[in-house]
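Nothing in this text is a laboratory measurement; each read-out follows from the coordinates by a stated rule. Note that this is a predicted model, so its numbers are computed, not measured. Using ideal geometry, Cβ is built from the backbone for each residue, glycine included, and neighbour counts are taken over all protein chains shown.
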Amino acid sequence: MNFSVTEAGFPFDESRGRFLPSDWVQHGEVLKNRAEKLKGKRMKMTKLRNMTKLAAFGLLSVGLAAGASGGSDSSMGPKDIVDTAVSAGSFNTLVAAVKAAGLVDTLRGEGPFTVFAPTDEAFSKLPVGTLDSLLKPENRGRLQSILTYHVVSGKVMAADVMNLKSAKTVNGQAITISTGDGVKVDGAKVLKTDIETSNGVIHVIDSVILPRE
């Protein structure tokens, strides 16, 4: 409704060319004000919905990014041989021996290495006093010789071991491999295989194997 007020003060409907009662004009103004208020509310609701969608999208993007990276721990990637042994919790004696022998940096190196790792129970089978003696600084050379006898250069998986009769160790001597009654390395039974690490693989054995003097 388009209207104006004449000089005499009467409202005049320009679209229809006639004068209007004042209450019609007031009613038209009320409807117009209501329409404007409703339009404003709709605009606010639309803006709020858009902001909510943007916020949700932002949270989703952050979640997807975190999932893709695997979180802070996973983004670090696979652990090396030493850290894998530490995390396992069943190679405490082996880890202590590696530290005493000064081989931590070697087994954290690029490799790859294959380690036949004796469990804590395996070390307990050694004669009483043997381990304590090996951990002494003066026997470091002997300890290094024993530990490197458990390490083969390269990544030798279980499927590969099954096809071997022997394997040369980092010690320089070769270990004997048999598969007749389960897989054994110098008589030590292989309990678990193919524990992959960032720089090689670990096979678990039930006894400490000793190189020749």
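General observations
- Amide H contacts of VAL183 (H built 1.01 Å from N, under 5 Å, at least 5 apart or other chain): VAL190
- Between ASN199 and ILE81, the built amide H atoms are under 5 Å apart, and every one of these is 5 or more places off in sequence or on another chain.
- 5 angstrom amide H check on THR169, placed H, neighbours 5+ away: ALA174, ILE175
- Sequence ranges 104-115, 185-196, ranked by mean other-Cβ count within 10 angstrom, highest first: 104-115, 185-196
- Here, region 81-205 is characterised by an Rg to Rh ratio of 0.94, where Rg is the alpha-carbon radius of gyration and Rh the Kirkwood radius.
- Exceeding the 21 Å Cα-Cα cut-off - candidates LYS136/LYS168; LYS79/LYS99; LYS155/LYS192; LYS165/LYS192; LYS136/LYS189: LYS136/LYS168; LYS136/LYS189
- Residue exposure sequence - GLU121, GLU138 - by fewest surrounding Cβ within 10 Å: GLU138, GLU121
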